[in-house]
Amino acid sequence: MSHSDLLGRLLPAALALVMSLVSLRMAAKGLTAREWLPFHQAAAAAEWNSLTPRLRQLLLFMVRTTALGFFALFLLLATAPAYLLWNPSPVAGLEILGVGAIYCLALGILTRSLHRETGARTPWRASFGAAAVLILAAALSIAMS
């Protein structure tokens with residue numbers, strides 16, 4: 001295997017690994033949350049303690065559901081580097097990294113919409129940035145295979 005072939009396999013895998021760690025951080029943050037995230041409060045223009053207990057439970061459920069999505073993304077992207085290193089399949093790279101990119105793009109669209117409608121500082125740029133990294137990794141895995 002040439003040096004460029006090895007680099008072509010390592011770069012998409014490294015990008016997937018970095019994004020898996022970001023996903024794990026977001027999953028941990030959401031799964032351990034005791035209330036909604038600061039941008040949720042800004043978007044709602046309401047304090048957490050001003051909400052009814054049932055509404056707080058529902059919102060916490062939604063935060064944790066999103067966190068489970070991040071955990072699933074972590075599992076997918078954490079396994080991608082090993083798979084892509086030993087099985088440089090353009091289809092597999094596109095599938096694995098594409099799922100992550102779609103999740104991040106969808107989050108970007110949703111959080112951008114929330115930002116535009118409420119003026120809250122949502123993490124939409126980070127979501128689109130993560131999608132861009134995963135799209136780049138997918139493109140590199142296709143180009144290098």
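The values are calculated or read from the model by the stated rules, or taken from the named source; none is laboratory data. From a predicted model like this one, the values you see are computed outputs, not experimental measurements. Here Cβ is always computed from backbone atoms with ideal geometry, including for glycine, and neighbour counts include all displayed protein chains.
Take the conditions (1) modelled with pLDDT under 95; (2) within 30 Å of Ala143 (Cβ to Cβ); (3) surrounded by fewer than 14 Cβ atoms within 10 Å (Cβ to Cβ); Arg25 misses just one of them, which is (1).
Going by what's in this entry, would Ser113 be described as among the hydroxyl-bearing types (Ser, Thr, Tyr), surrounded by fewer than 21 Cβ atoms within 10 Å (Cβ to Cβ), more than 17 Å from Leu17 (Cα to Cα) and at pLDDT 95 or above? Spell out the reasoning first.
Working: among the hydroxyl-bearing types (Ser, Thr, Tyr): yes; surrounded by fewer than 21 Cβ atoms within 10 Å (Cβ to Cβ): yes; more than 17 Å from Leu17 (Cα to Cα): yes; at pLDDT 95 or above: yes.
Here the answer is yes, as Ser113 does meet what is asked.
Consider the stretch 29-38 and keep the residues that are at pLDDT 95 or above and among the hydrophobic types (A, V, I, L, M, F, W, C). The one that is surrounded by the most Cβ atoms within 10 Å (Cβ to Cβ) is Ala33. Among residues that are closer than 19 Å to Ser23 by Cβ and either touching a residue at least 24 places away in the same chain (Cβ under 8 Å) or not acidic (Asp, Glu) (or both), Leu85 is not included.
Of the residues making up the stretch 67-102, those that are closer than 22 Å to Gly129 by Cα, surrounded by fewer than 18 Cβ atoms within 10 Å (Cβ to Cβ) and among the β-branched types (Val, Ile, Thr) are Thr79, Val99, Ile102. Looking only at the stretch 49-66, residues that are surrounded by fewer than 16 Cβ atoms within 10 Å (Cβ to Cβ) and either in contact with a Lys or Arg (Cβ under 6 Å, 6 or more places away or on another chain) or of a type in the set (A, V, I, L, M, F, W, C) (or both) come to 4 in all.
The one condition from (1) within 15 Å of Ser23 (Cβ to Cβ); (2) buried (at least 18 other Cβ atoms within 10 Å of the Cβ); (3) not polar (S, T, N, Q) that Ala43 does not meet is (1).
Among the residues of the stretch 39-48, is any among the charged types (D, E, K, R) and in contact with a helix residue (DSSP H, G or I) (Cβ under 6 Å, 6 or more places away or on another chain)? No, every residue in the stretch 39-48 fails to be among the charged types (D, E, K, R) and in contact with a helix residue (DSSP H, G or I) (Cβ under 6 Å, 6 or more places away or on another chain).
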